[in-house]
């Protein structure tokens with residue numbers, strides 16, 4: 001203690017200077033000067049702790065600084081996330097034609113004279129070849145029959161069929 005002011009001196013610490021012991025009532029002021037002030041730099045928990053610990057000391061200082069920064073509105077709003085950024089979506093490359101096909105239905109459309117009002121779409125994902133088939137109903141039976149008779153019989157059975165239904 002020097003002239004009524006408490007200091008903490010640790011001879012084996014990095015700094016040979018004595019650190020001013022901060023009473024509870026003054027901690028907020030220290031944080032405002034070393035963290036909130038525009039010239040302070042808004043360092044994170046470790047940076048702010050290192051800056052303050054060079055000159056000041058109080059019991060539980062690291063936890064106090066950590067809690068203070070976590071609750072500081074500006075830091076909470078701007079803080080970088082720990083999540084990895086989402087990567088680019090990659091379309092899988094298919095080497096064999098008709099190895100993977102995508103199917104979909106389009107309709108109902110105005111009915112033709114022959115009673116067709118749906119279009120069954122089949123696309124080869126490797127070559128982007130598209131075949132369209134007019135159907136009278138959007139039923140599983142008609143789609144399966146068309147796949148077997150019109151696609152599988154000509155191109156073979158694919159390894160995978162992609163559909164959103």
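The values are calculated or read from the model by the stated rules, or taken from the named source; none is laboratory data. What you are looking at is a predicted structure, and each value in this text was computed from that prediction instead of being measured. Using ideal geometry, Cβ is built from the backbone for each residue, glycine included, and neighbour counts are taken over all protein chains shown.
Highlighted here are the helices (runs of 4 or more DSSP H) found entirely within segment 1-94 that include at least 1 residues which are surrounded by 16 or more Cβ atoms within 10 Å (Cβ to Cβ), modelled with pLDDT under 85 and over 29 Å from the mean Cα position of the chain (by Cα): 27-31, 45-53. Out of all the residues in segment 123-165, which are touching a strand residue (DSSP E or B) at 6+ places or on another chain (Cβ under 6 Å), closer than 18 Å to residue 92 by Cβ and surrounded by 12 or more Cβ atoms within 10 Å (Cβ to Cβ)? Once the filter is applied, which keeps residues that are touching a strand residue (DSSP E or B) at 6+ places or on another chain (Cβ under 6 Å), closer than 18 Å to residue 92 by Cβ and surrounded by 12 or more Cβ atoms within 10 Å (Cβ to Cβ), segment 123-165 yields 123, 124, 125, 158, 161, 162. Total residues in segment 96-113 satisfying the condition of being over 20 Å from residue 154 (Cα atoms) and in contact with a strand residue (DSSP E or B) (Cβ under 8 Å, 6 or more places away or on another chain): the figure is 6.
Annotation for segment 107-126: at least one member residue is in contact with a helix residue (DSSP H, G or I) (Cβ under 7 Å, 6 or more places away or on another chain), over 30 Å from residue 30 (Cα atoms) and in contact (Cβ under 8 Å) with a residue 24 or more places away in the chain.
Criterion applied to 144, 102 was being over 30 Å from residue 70 (Cα atoms) and without any contact (Cβ under 8 Å) to a residue 12 or more places away in the chain, and the one residue passing it is 144.
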